[in-house]
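Every read-out reported here was derived from the displayed coordinates using simple, explicitly stated rules and does not represent laboratory data. These numbers were taken from a predicted model, which means no experiment stands behind them. We place every Cβ from the backbone using ideal geometry, glycine too, and count neighbours over all the protein chains shown.
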Amino acid sequence: MAGTALRRRLSWQVAKVRAETVETASVRTLTLDVPDWPGHQAGQHLDIRLTDEDGYVAERSYSIASAPGEPVAITVERLDDGEVSPYLTDELRAGDDLELRGPIGGYFVWEPENGGPLLLLAGGSGIVPLRSILRHRERTGSTVPVRLLYSSRTLNDVIYRAEFDQPASGVEVIHTLTRSQPPGWPGYARRVDAALLAEVAWPAAAMPLAYVCGPTSFVEVLSQALVQSGYPPERVKTERFGATGGT
Amino acid sequence: MEAVDGNAIGGLLHEVLGTEMTDAATVCGGCGAARQVAELAVYLRAPGTVVRCRSCDSILMVFVKIHDTTCVDLLGLAALG
């Protein structure tokens with residue numbers, strides 16, 4: 001099955017926006033109808049291509065937000081100086097066409113047989129592929145224990161907040177808000193570093209499997225801290241999207 | 001410019017090599033470091049796409065797209081796949 005999917009030709013195709021969901025002031029989820037979609041794995045991404053009237057082409061990668069078996073969805077954070085994201089968040093409407101290719105990626109993926117316990121570390125919109133993994137876990141009836149540590153600037157920047165307020169059984173969601181916190185905030189209020197990880201991460205002896213996704217600096221610091229605390233490097237999967245967002 | 005990683009060139013590599021490559025093994029031709037493609041340092045906004053070793057910073061792969069043709073330089077790799 002995997003072999004068939006792997007050898008499939010990756011072609012650009014035109015999808016249609018089925019629905020848009022407001023996640024935060026700067027983040028939208030686009031649910032897409034993709035005519036030729038072979039199915040995806042949790043954690044994979046797709047490429048979007050926008051072509052200007054004069055032929056100028058811009059391509060960006062976006063993580064798939066939905067679980068395998070659900071309609072394809074991407075969650076996009078608007079970058080004010082971006083070439084692609086403002087179009088996706090502000091201009092595109094249900095019924096519009098969008099050129100894409102995918103699914104892409106065989107490294108930052110999780111299947112129930114990969115086991116756990118799972119440690120998911122998200123910085124900002126790095127939550128998107130991890131949300132796909134969480135939904136896949138729930139839909140497949142997996143009981144692998146999960147700890148999600150999710151770093152956002154403020155409470156209003158938390159993507160999928162309603163979902164994470166009522167996590168599935170066996171899933172612990174731990175928030176940290178790095179810029180400002182509402183009065184009485186019970187969660188963490190600082191940047192994720194080795195010290196914070198030591199408080200929330202599974203001990204290395206539990207043989208956890210870690211997925212780290214976020215800005216490059218976030219991923220660098222945390223993946224190194226995990227390896228130093230005894231996680232085998234091959235059990236720390238990383239995805240970096242640069243300083244200003246993207247994937 | 002800040003590097004991303006090899007996940008970001010999954011589509012490009014699939015286009016050029018015809019298969020999913022982000023979990024493929026690589027060996028740096030400079031220092032011999034072994035990593036999966038997803039773990040390499042990728043600079044998307046260089047003239048073309050530049051892929052470097054995370055250990056010694058050697059250039060491993062360069063992709064330059066001109067119209068519909070992609071020029072591929074893999075000479076920095078000792079092994080791929």
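With charges only on Cβ, +1 for K and R and -1 for D and E, what is the dipole size of the range A:2-104 about its Cα centre, in debye, rounded to 20?
Dipole of the range A:2-104, to the nearest 20 debye: 700 debye.
Which whole-number percent gives the relative contact order of the range B:13-65, counting Cα pairs below 8 Å spaced six or more residues apart? Before the final figure, lay out each step's value.
On the way: 76 pairs, mean separation 12.6, N = 53.
Relative contact order, the range B:13-65: 24 percent.
In a GNM of chain A with a 10 Å cut-off on Cα contacts, which of A:GLY43, A:GLY124, A:GLY214 has the highest mean-square fluctuation?
Sorting by GNM fluctuation, first place goes to A:GLY124.
For A:ALA189, enumerate residues with amide H under 5 Å from its amide H, sequence gap 5+ or separate chain, H modeled in the peptide plane.
A:LEU177
Calculate one ³J(HN,Hα) per residue across the range B:65-81 by plugging θ = phi - 60° into the Karplus curve 6.51 cos²θ - 1.76 cosθ + 1.60, and present them in order as whole Hz with x for glycine and proline.
Each residue of the range B:65-81 in turn: 9, 10, 6, 9, 10, 9, 8, 10, 10, 10, 5, x, 9, 7, 7, 8, x Hz.
Is it possible to state the helix-based mean residue ellipticity at 222 nm for chain B, with each DSSP H run of 4+ residues giving -39500 (n - 2.57), the sum divided by total residues, to the nearest 500 deg cm²/dmol? What is it?
On the way: 1 runs with 8 residues, N = 81.
Calculated at 222 nm, the ellipticity per residue is -2500 deg cm²/dmol.
Of A:PRO145, A:TRP12, A:PRO35, whose Cα points farthest to the positive end of the dipole of chain A (charges on the beta-carbon: +1 Lys, Arg; -1 Asp, Glu; origin at the Cα centre)?
So the residue we want is A:PRO145.
Taking each residue in A:41-49, count the Cβ atoms of any other chain within 10 Å of its Cβ, then average. What number comes out?
Working: counts 0, 0, 1, 4, 5, 2, 6, 0, 1.
The shielding value for this peptide is 2.
What cysteines in the protein assembly as shown have no other cysteine with a beta carbon less than 4.7 Å from their beta carbon?
Cysteines of the protein assembly as shown left without a disulfide-compatible partner: A:CYS213, B:CYS71.
What residue among B:ALA38, B:ALA25, B:ALA46 shows peak mean-square fluctuation when chain B is described by a Gaussian network model with Cα springs under 10 Å?
Largest GNM mean-square fluctuation: B:ALA46.
What is the fewest-to-most order of A:TRP37, A:TRP202, A:TRP110 by other Cβ atoms lying within 10 Å of their Cβ?
Values: A:TRP37 16, A:TRP202 19, A:TRP110 25.
Final ranking by Cβ density, sparse to dense: A:TRP37, A:TRP202, A:TRP110.
Relative contact order for the range A:18-127 using alpha-carbon pairs under 8 Å, separation at least 6, rounded to a whole percent?
Numbers: 171 pairs, mean separation 33.5, N = 110.
Once normalised by length, the contact order is 30 percent.
Per-residue Cβ counts within 10 Å, from other chains only, averaged over A:218-225: what number is that?
Details: counts 0, 2, 3, 0, 0, 1, 0, 0.
That works out to 1 on average.
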